[in-house]
Amino acid sequence: MLDRWISFAVIAAVVSSLLSIAVSEVCFGIAILLWVADCWKSREFRLKIPSFTPFLLAFFVAVLISIAFSTDVLGSAPYLKKFIKFLYIFLIFTYLNRERVEFALKALFGVMGISAVYGVLQYFWLWEVNLLHRIEGFMSHWMTFSGQLMLVSVALAGYLLLYRLPFTLAGEEKKSPQEASGGKKWSPLNILPIGAWGMLLALFLFVLVLTQTRNTWLGTLGGLCLLLAVYRVRWLVTGVVLLLVVFLALPSGFKERFYSSFDPTDTTTRVRIELFLTGRNIIVAHPWMGLGPSMVSRHFHDYTGTDEFPSWIYQHLHNNFLHIAAEMGVITLLIWVALWVRLFWDFVGFVRGQASDRFLSCIAMSGVGVLAAFLLAGLFEYNFGDSEILILLLFFITIPYVVHDEQEKGA
């Protein structure tokens, strides 16, 4: 009985992160308390360990070492609270199954739809929108809202393309629509739910454009292009053509937002260049252990090349790779990168090893797309430091292991 309640508490924590981080933390706390009660009741430590756990442990140890060598150990120590979020991985892997994974996905898509509709209302009726006051959905910042839209959009695209539509893996012989759908009967009636998922995806992408957040535009395009290439290469070509048509039809303000990315005189571009140079200076001075977690915002003034910009822009370096290396050293960064490489490797292996299981292929390839989107966006934003984004990311990277583990046990 506790298994079911724990699974629903974890799902509630993940889904509610789209609405309120406070509600999400309450649900997560309930899940942890129920897990403790389950361990007490069963008289055993009930946590299943996914195969990539050694990489998580190595990252944890590297962070501990960087804290020990921090310029302010007590100031860096609170960073360890981030690792509480990594309990999501073990709770999801232990208590979710294939059925609950699909339920959680549909709940995420539905709640993200509610948030997206609210974003539309903010843009057209409720707010006076500009670059310094953009739509936020139910979040406190547009970067978080657009990051959520990015991850959920890519996951929904994977669910639609690789599970709901007839699908043939690249290199396989052509299959009939019924065979390509995993033996499910394919009929015109299926168009109705497929159309609903497609309209929801279109809504997400529309609102993502309205956020005017370029790093998530890049991440979403990368993730979607990867999924389209896996589904049908010709669909990728069609998608690129459609993208060009949409871009040409956009109002001039959105085009200028895109063009400003390549303008070295644009203020935001100059800020990114300054942050890159500051991060580089920190890494050169502290290559192995970094300044220590949370120390960039305290000591940036010793490494800047100009006094032109206000201090608040240095709260982080707007780049996952740069920020982690500056605060925790190059060794920690390499371990962090190795974790994602391992996940990519496993997800591709799941698809190749169990290509006949459409849901597993869908979840695994969606994981690849979500990871690609996260890492691409992370070239221009420190999205690893955003709790709401991290919760979604941990969910999407763990559920392929849930489905694969259940499939292996049932084989």
**Prompt:** Filter the stretch 17-43 for residues that are in contact with an Asp or Glu (Cβ under 9 Å, 6 or more places away or on another chain) and not aliphatic (A, V, I, L, M); which is farthest from Ala338 (Cα to Cα)?
**Reply:** Asp38
**Prompt:** Looking at the stretch 123-142, which of its residues are surrounded by 22 or more Cβ atoms within 10 Å (Cβ to Cβ) and either assigned to a helix (DSSP H, G or I) or within 18 Å of the chain's Cα centre (by Cα) (or both)?
**Reply:** Gly137, Met139, Trp142
**Asked** Being farther than 30 Å from Val117 by Cα and more than 21 Å from the chain's Cα centre (by Cα), is that true of even one residue in the stretch 8-29?
**Response** no
**Request:** For Arg352, state whether it is in a helix (DSSP H, G or I), at pLDDT 95 or above and of a type in the set (Lys, Arg).
**Result:** no
**Request:** Tell me, yes or no, whether the stretch 384-391 has at least one residue that is part of a helix (DSSP H, G or I), of a type in the set (D, E, K, R) and under 27 Å from Ser20 (Cβ atoms).
**Result:** yes
**Request:** Please tell me if Thr278 is in contact with a helix residue (DSSP H, G or I) (Cβ under 8 Å, 6 or more places away or on another chain), polar (S, T, N, Q) and either in contact (Cβ under 8 Å) with a residue 12 or more places away in the chain or buried (at least 17 other Cβ atoms within 10 Å of the Cβ) (or both).
**Result:** yes
**Message:** Here's a check for you: in the stretch 189-213, which residue that is over 20 Å from Phe124 (Cα atoms) and under 22 Å from the mean Cα position of the chain (by Cα) is surrounded by the fewest Cβ atoms within 10 Å (Cβ to Cβ)?
**Reply:** Gly198
**Message:** Let me confirm something: among Ser16, Ser42, which residue is closer than 29 Å to Val152 by Cβ and of a type outside the set (Asp, Glu)?
**Reply:** Ser16
**Asked** Among (1) at pLDDT below 95; (2) under 23 Å from Leu334 (Cβ atoms), which single condition is Val63 missing?
**Response** (1)
**Asked** So, in the stretch 367-384, of the ones that are within 25 Å of Phe83 (Cβ to Cβ) and among the small types (Gly, Ala, Ser), which residue ends up nearest to the chain's Cα centre (by Cα)?
**Response** Ala373
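Being among the aliphatic types (A, V, I, L, M), closer than 20 Å to Asp386 by Cβ and touching a Ser or Thr at 6+ places or on another chain (Cβ under 7 Å) is the filter here; which residues of the stretch 50-85 pass it?
Within the stretch 50-85, just Val63 meets the criteria.
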**Prompt:** Does any residue of the stretch 318-341 turn out to be at pLDDT below 95, part of a helix (DSSP H, G or I) and hydroxyl-bearing (Ser, Thr, Tyr)?
**Reply:** no
**Request:** Identify, by number, the condition in (1) crowded, with 16+ Cβ neighbours inside 10 Å; (2) acidic (Asp, Glu); (3) at pLDDT below 90; (4) closer than 30 Å to Val209 by Cβ that Asp357 doesn't meet.
**Result:** (4)
**Asked** Just a yes or no: is a residue in the stretch 319-326 closer than 23 Å to Phe86 by Cβ, of a type outside the set (D, E, K, R), surrounded by fewer than 23 Cβ atoms within 10 Å (Cβ to Cβ) and in contact (Cβ under 8 Å) with a residue 60 or more places away in the chain?
**Response** yes
**Request:** Inspect the stretch 20-27 for any residue being charged (D, E, K, R) and either farther than 30 Å from Phe138 by Cβ or in contact with a Cys (Cβ under 9 Å, 6 or more places away or on another chain) (or both) and give the result as yes or no.
**Result:** no
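Table: residues versus (1) charged (D, E, K, R); (2) loosely packed, with under 14 Cβ neighbours inside 10 Å; (3) part of a helix (DSSP H, G or I).
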residue	(1), (2), (3)
Leu57	no, yes, yes
Ser70	no, no, no
Leu87	no, no, yes
Leu91	no, no, yes
Ser115	no, no, yes
**Asked** Among (1) buried (at least 17 other Cβ atoms within 10 Å of the Cβ); (2) in contact (Cβ under 8 Å) with a residue 24 or more places away in the chain; (3) part of a helix (DSSP H, G or I), where does Gly290 come up short?
**Response** (3)
**Request:** Could you tell me whether any residue of the stretch 28-37 is part of a helix (DSSP H, G or I), touching a Ser or Thr at 6+ places or on another chain (Cβ under 6 Å), crowded, with 17+ Cβ neighbours inside 10 Å and of a type in the set (A, V, I, L, M)?
**Result:** no
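The values are calculated or read from the model by the stated rules, or taken from the named source; none is laboratory data. The shown structure was predicted, so the numbers you read here are calculated from the model rather than taken from an experiment. Positions of Cβ are backbone-derived with ideal geometry, glycine not excepted, and every protein chain shown enters the neighbour counts.
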